[in-house]
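Only one structure is covered here, and it is reproduced in the block below.
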Amino acid sequence: MSYKIGYTKVGVINFEPYKSNLLPLWRFHNAEAATKSCQNLWEIFLDYDERGDFVGMDMTRNIMQMGIIRARRYVNYKGGREYDDEGNILPKSECHEGKKEMEMAVRLFQRHLALAETHPGYNAKKKVFVREKRAWNNNERRIEDAKAVRRWKYADSGIDKEGQKEQYSRGR
């Protein structure tokens, strides 16, 4: 159970088949593209809910959250570029062409993210997932602890992993 509920952009888009299903739908370069993207992502979110697929729902929610981050970059910086070629932060632009349109795209993603995060099916599945993940992690810790104890016992007893006494030669 390696999936983690994420709230940042790091490591979000790394689970297949969700990655291949969601990335083609994610568009944020203008309000029209963001509108279509939000609608498509919302439909996929509801489809994952019908299937009982929490990971798919959470990945979709996270893509919506990333839509806010990326669209906001286009609001703050003309062309969406935050850094210059040397890696220095560019100054935020006060007013540029398309800024109002991108503000609308941000609001669209925010609205859909709020719908996803307050969706009763999402929250119910999230509670179950968190409970199961905690139980799985506790079980994994117990298994690792038991393996460590076994390694420690074998090291002190002179018995190898197959249960055989180690043969020592006296060099005669």
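The values are calculated or read from the model by the stated rules, or taken from the named source; none is laboratory data. Note that the structure is predicted; figures quoted are calculated from it, not measured. Positions of Cβ are generated from backbone atoms using ideal geometry, with glycine treated the same way; all protein chains shown enter the neighbour counts.
For Leu41, the requirement of being of a type in the set (A, V, I, L, M, F, W, C), without any contact (Cβ under 8 Å) to a residue 40 or more places away in the chain and part of a helix (DSSP H, G or I) is not met.
Only helices (runs of 4 or more DSSP H) whose full extent lies in the stretch 50-164 are considered here, and the ones with at least 2 residues that are modelled with pLDDT of 90 or more and loosely packed, with under 13 Cβ neighbours inside 10 Å are 99-118, 120-157. Would you call Asp47 surrounded by 15 or more Cβ atoms within 10 Å (Cβ to Cβ) and closer than 16 Å to His119 by Cβ? No, not satisfied. Only residues that are free of Cβ contacts under 8 Å to residues at least 12 places away in the same chain, out of contact with any helix residue (DSSP H, G or I) (no Cβ under 7 Å at 6 or more places or on another chain) and not small (Gly, Ala, Ser): list them for the stretch 54-87, please. Result: Arg81, Tyr83, Asp84, Asp85, Glu86. Screening Gly11 on (1) of a type in the set (Gly, Ala, Ser); (2) assigned to a loop (DSSP other than H, G, I, E, B); (3) at pLDDT 80 or above shows it passes everything except condition (3).
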